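Following: one structure in structure tokens, then a few remarks.
The values are calculated or read from the model by the stated rules, or taken from the named source; none is laboratory data. Model, not experiment: these values are computed from the prediction. We place every Cβ from the backbone using ideal geometry, glycine too, and count neighbours over all the protein chains shown. SASA here: full protein model, heavy atoms, side chains in, ligands and nucleic acids out. Shrake-Rupley method; radii C 1.70, N 1.55, O 1.52, S 1.80 Å.
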Number of protein chains: 2
Amino acid sequence: MSLLVVGSVGLDSVETPFDKIEDALGGSATYISLAASYFSAPVTLIGVVGSDFPKPYIEMLEDHNVDLEGMQIIEGEKTFRWGGKYHYDLNVRDTLFTELNAFENFNPVIPENFHKARYVCLGNIDPILQMKVLEQMTDPQFVVCDTMNLWINTMKDDLLKLLKKVTVLIINDSEARLLTNEPNLIKAAKMIRELGPEILIIKKGEHGALLFTNDTIFSAPAYPMEIIFDPTGAGDSFAGGFIGYLHKTRDLSPENIRRAVIYGSAMASFCVEKFSTKGLEDLSHLQIQDRFRDFKNLSSFDEPN
Amino acid sequence: MSLLVVGSVGLDSVETPFDKIEDALGGSATYISLAASYFSAPVTLIGVVGSDFPKPYIEMLEDHNVDLEGMQIIEGEKTFRWGGKYHYDLNVRDTLFTELNAFENFNPVIPENFHKARYVCLGNIDPILQMKVLEQMTDPQFVVCDTMNLWINTMKDDLLKLLKKVTVLIINDSEARLLTNEPNLIKAAKMIRELGPEILIIKKGEHGALLFTNDTIFSAPAYPMEIIFDPTGAGDSFAGGFIGYLHKTRDLSPENIRRAVIYGSAMASFCVEKFSTKGLEDLSHLQIQDRFRDFKNLSSFDEPN
């Protein structure tokens, strides 16, 4: 059964200290699907674009075995657009503009033949839409969910309802603190797991990620990078690598979930090496395995004799 | 040959959201020596106090095999005092007062019989004093050095001169950025290693530590703590555990230096569990080994089959 990915598909205009691009491929569902496609095929993308959505982007996604049967193309509408500018230290970004366009009235419809999908990744869209997706599913067994500060601030009740149905929540450290009003991440993680998600992943950017499962914590290192060309999509690529690997292996043991966190981290590191989705378009399995091994070398140590 | 530790010895008045204490034992040399004492004996502490320095503190240090032959007690002077207050998120601290007292004219004199020590830990004091120590040594082969933003801002030239003589520099992430004016830590680390230190350790508090050696990077996790009672001395305890373990094992292989970073992290985690030096006063070797294993469990993962 296919891996179902729901989220935004858009055109990004991004400026960093190194370069700038306009109307490049972006959106949470795009990054998640591409990253997952290296592990699991097919990946089914549920999203919406306008009739101006460039054909080469469709072809590139299809070349990666991303099934676009559930991507609505709204005639006469324009595609969702986002513009952002990253500052020198790359942790600070300004949103320059957001044009919802076709995304404004997005009503995710899951094609009949995917209602039975068991692995679902809910990219960062508002929690009511995320819930609508789950309500169409017969028996979603492994639901990975991303969210953001905007929904925590403006739609907290809907988010809390959704969290009860979520298996894995992936958020960043500031969002975890915001959601719980607790500065200590270990305490915040306990509180979030009590809201529903059995598994919680807190992304910490250049400091790696923390995985919280039943009574155990796993600390994944960050890949050391001298230059980050474009941080856009890093979190989505993480989610895609994570769920793609688990969907492929169908092994939800604690050890395998740790591996999935490393594959997620690896895909995020490839993503930020190039602008837009370029870093995820031409990877080999050997490159991904090498990067996995880099993470291992980065963090391994032995007990004394 | 003994491990030589130079730095401040003082009386700290600390307020945290949990409690407050007055005139408790503190100072960089104190924490370093105590942490190192669990690995290596004897540890020789070079420092200065006033005649008001409480006798129980001297006895406690001597009980831990810390040799105080080089600790000057200045008759009629008061001991160095520092007062600080930590805020709720514990990453923010205000210095309430600093009274240099006996420390003001500190002139570190290394007793004759320690001139040949090969392992030296220069706790955080001004770089001219740190250099004075090295000038008295016959052949210091492994010099670990800590510093702080104050010296980077006010005595940079002296610090740069010192760094040429240092084997391992241990600083925190904001200090690494300040020293190099480079926000990317991986680039900053390269720049710092070109200033002299063969080995660089960047401490990142709740995000662990990075070890930079020739062409390799090691990312050590942070011990997950729900409550940090008193962050004072964490960095010094790290340095003490690190050099204490290396002094004991006399093994400077890359694998053993990684282990030393974990022992340093372990001692820092014990330190912050109690106020002042209390967390370092009654540890067993079993507890330290268990904590080492906790770090291993926290960060280990296997390659896929």
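Residues considered: A:Phe212, A:Phe97, A:Phe275. Largest GNM mean-square fluctuation over chain A, using C-alpha springs under 10 Å, is found at A:Phe97. Once you divide the Cα radius of gyration of the range A:245-284 by 2.2 N^0.38 Å, the number left is 1.34. Translational diffusion of chain B, estimated by Stokes-Einstein from the Kirkwood radius over alpha carbon pairs at 37 °C in a medium of 0.692 mPa s, is 170 µm² per second. For the range A:10-127, the share of alpha carbon pairs falling in successive 5 Å distance bins from zero is 2, 10, 19, 22, 20, 14, 9, 3, 1, 0 percent. The mean number of partner chain beta-carbon atoms within 10 angstrom of a residue's beta-carbon across peptide A:291-298 is 3. With 10 Å bins beginning at zero, the pair-distance distribution over Cα atoms of the protein assembly as shown amounts to 3, 16, 25, 22, 15, 11, 6, 2, 0 %. Nearest-5 percent of antiparallel DSSP beta bridges in chain A? About 40 percent, rounded to the nearest 5.
Computed about its Cα centre, the charge dipole of the range B:159-231 is approximately 400 debye, with only Lys, Arg, Asp and Glu carrying charge at their Cβ.
Distances between copies at B:Met148, taken between label points 7 Å from Cα along the C-beta direction, are 4.1 nm in increasing order. Just checking the listed ones, A:Thr277, A:Thr249, A:Thr216: in the Gaussian network model of chain A with Cα springs under 10 Å, the one fluctuating most is A:Thr216. Counting only C-alpha contacts under 8 Å and six or more residues apart, can you give the relative contact order of the range A:170-262 as a whole percent? In percent, rounded to a whole number, it is 19. Distances between placed amide hydrogens fall under 5 Å for A:Ile110 paired with no residue 5 or more residues away or on another chain.
In chain B, the DSSP-assigned H stretches of four residues or longer account for a calculated mean residue ellipticity at 222 nm of -11000 deg cm²/dmol, using -39500 (n - 2.57) per stretch and the full residue count as denominator. Only Cα sites of the range B:1-53 enter the Debye sum here, all with the same form factor; the resulting log10 I(q)/I(0) across q = 0.25 1/Å is -0.93, listed in q order. What's the center-to-center distance, using Cα atoms, between the range A:1-44 and the range B:116-173 in Å? Rounded to whole Å, the Cα centres lie 49 Å apart. Think of chain B as having a plus end and a minus end, set by charges on the Cβ of Lys, Arg, Asp and Glu; of B:Leu163, B:Leu134, B:Ile74, B:Leu163 sits farthest toward the positive end of this dipole.
Proximity of backbone amide H atoms, modeled 1.01 Å from N, is registered between B:Asn172 and B:Lys203 at under 5 Å, excluding neighbours fewer than 5 places apart on the same chain. In order along the range B:7-19, the phi-based Karplus estimate (6.51 cos²θ - 1.76 cosθ + 1.60, θ = phi - 60°) of 3J(HN,Hα) comes to x, 8, 10, x, 10, 9, 10, 10, 10, 10, x, 9, 5 Hz; Gly and Pro are listed as x. Candidates B:Ile58, B:Phe292, B:Pro108 compared by Cα position along the dipole of chain B: farthest toward the positive end lies B:Phe292, with charges placed on Cβ. Using the Karplus relation 6.51 cos²θ - 1.76 cosθ + 1.60 with θ = phi - 60°, the per-residue 3J(HN,Hα) values for the range B:176-192 come to 4, 5, 5, 5, 10, 6, 10, x, 6, 5, 5, 5, 4, 4, 4, 5, 5 Hz, with x marking Gly and Pro. For A:Glu62 and B:Glu226, the FRET efficiency from 1/(1 + (r/R0)^6), where r spans their Cβ atoms and R0 equals 60 Å, is about 0.80.
Apolar share of the accessible surface for the range A:36-147: 47 percent from carbon plus sulfur atoms, 1.4 Å probe.
Gaussian network model of chain B, Cα springs within a sub-10 Å range: biggest mean-square fluctuation belongs to which of B:Asn214, B:Asn149, B:Asn256? Among B:Asn214, B:Asn149, B:Asn256, the largest GNM mean-square fluctuation belongs to B:Asn214. With the label put 7 angstrom out from Cα along the Cα-to-Cβ vector, B:His115 ends up 9.0 nm from the copy partners, going from closest to farthest. Peptide B:205-217 has a mean of 3 when you count, residue by residue, the C-beta atoms of other protein chains within 10 Å of its C-beta.
Please work out the Cα center distance from the range A:199-246 to the range B:199-243, rounded to the nearest Å. One Cα centre to the other: 20 Å.
Per the accessible-area calculation with a 1.4 Å probe, the total area buried between chain A and chain B rounds to 3700 Å². With its label point defined 7 Å out from Cα along the Cα-to-Cβ axis, B:Asp302 lies at 1.8 nm from the matching points of the other copies, in increasing order. 3J(HN,Hα) along the range A:63-76: 4, 8, 6, 8, 7, 9, 4, x, 9, 6, 10, 8, 4, x Hz, from the Karplus curve 6.51 cos²θ - 1.76 cosθ + 1.60 with θ = phi - 60°, whole Hz, x for Gly and Pro.
Within the protein assembly as shown, antiparallel bridges make up roughly 40 percent of the DSSP beta bridges whose residues both belong there. Surface listing: B:Ser51, B:Ser13 arranged by accessible area from highest to lowest gives B:Ser51, B:Ser13, probe 1.4 Å.
Shielding of peptide A:155-166 by partners, expressed as the average count of other chain Cβ atoms within 10 Å per residue Cβ, is 0. Using the structure shown, select from A:Lys203/B:Lys296; A:Lys132/A:Lys164; B:Lys190/B:Lys248; B:Lys203/B:Lys274; B:Lys55/B:Lys85 the pairs with a Cα to Cα distance greater than 22 angstrom. Checking Cα-Cα distances, B:Lys190/B:Lys248; B:Lys55/B:Lys85 exceed 22 Å. In this structure chain B gives 41 Å² per residue of accessible area when probed at 1.4 Å with all protein chains present.
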